[in-house]
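Q: Provided herewith is a single structure, encoded as structure tokens, for subsequent inquiry.
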Amino acid sequence: MRIRPAADDDFPDIRAIARKTWHDTYDELDEDAIDRTVENWYTDDSMPLEAPGTVVLVVEAADGSQAESDDDDGEIVGFTHAVVQGDTADILRMYVDPDRQAAGVGTDLHERLVEQLRVYDVERIRAFDFASNDASRQFYEGFGFERTDVGEVEIDGECYDEAVYTLEL
């Protein structure tokens, strides 16, 4: 497994992971709404890789036929996107292929992301997800995040409760 900064040509794989994860996780959303949202939210315009304070990482799983090394290009199985503003970093996206969840991929990705965010001298990290997503809540609480707020996110014209988890550094 290798975690690296995302590149422009990673966006088809990022969208594929997002689509698969959304369909697997968010039962309350219509399948067509998921597909439209993924097409709009997971692009180089909505996740600009070169924007100041932006961190986008992908996880590659090495092909089983070769030994793992930093030079191996493997299948992208996860990604994350965070943005730093002032003393706060916001994790906007953190997804791992459902077939790879519970195998440590998300933990490794999260730990690498936090390393990257500490470079910005942030005082807190916030993460956002559907309030109904218990797996997300357990994941973030396992790293010491606390649910600190509830907001709303609009998807395809419908509003959904969004939980905000905060980790004070």
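Q: Using the beta-carbon distance between R2 and T88 and R0 = 41 Å, what value does 1/(1 + (r/R0)^6) give for FRET efficiency, to the nearest 0.05? Provide the component values of the computation, followed by the final result.
A: On the way: r = 28 Å, r/R0 = 0.70.
It comes out at approximately 0.90.
Q: Tell me the relative contact order for region 78-136 as a rounded percent, counting alpha carbon contacts under 8 Å between residues six or more apart. Could you put the intermediate results ahead of the total?
A: Details: 69 pairs, mean separation 23.8, N = 59.
Averaging sequence separation for qualifying contacts and normalising by length gives 40 percent for region 78-136.
Q: Label S46 and T148 with points 7 Å out from Cα along Cα→Cβ: what is the distance between them in nm?
A: Going by the 7 Å Cα→Cβ label model, 2.5 nm.
Q: With only Lys, Arg, Asp and Glu charged, each at its Cβ (+1 for the first two, -1 for the last two), find how big the charge dipole of the chain is about the Cα centre; round to the nearest 20 debye. Could the numbers behind the result be given before it?
A: Numbers: 14 positive and 44 negative charges, 106 e Å.
Dipole magnitude for the chain comes out near 520 debye.
Q: Now, a different point. Give the residue from V59, M47, I125 lying farthest towards the positive end of the charge dipole for the chain; charges sit on Cβ (+1 for Lys and Arg, -1 for Asp and Glu) and the dipole is referred to the Cα centre.
A: Result: I125, furthest along the dipole toward the positive end.
Q: Right, next: Please sort 110-119, 146-155 by packing, taking for each peptide the average over its residues of neighbouring beta carbons within 10 angstrom, highest first.
A: Working: 110-119: 15.9, 146-155: 12.4.
Ranked by mean Cβ neighbours within 10 Å, highest first: 110-119, 146-155.
Q: Let me ask something additional. Answer with a single label: of (1) 15.5, 47; (2) 19.1, 58; (3) 15.6, 51, which was calculated as Rg and Dmax of the Cα atoms in Å from the structure in view?
A: Label (1) holds the value from this structure.
Q: Sticking with this one: Note down the relative contact order for the chain as a percent, whole number, built from C-alpha pairs under 8 angstrom at least six residues apart. Each step should come with its number before you reach the end.
A: Values: 281 pairs, mean separation 32.9, N = 169.
Relative CO of the chain lands at 19 percent.
Q: Listing M1, M94 from the residue with the fewest other Cβ atoms within 10 Å to the one with the most, what is the order?
A: On the way: M1 17, M94 22.
The order, fewest Cβ neighbours first, is M1, M94.
Throughout, read-outs are computed from the coordinates displayed, never taken from laboratory work. The shown structure was predicted, so the numbers you read here are calculated from the model rather than taken from an experiment. We place every Cβ from the backbone using ideal geometry, glycine too, and count neighbours over all the protein chains shown.
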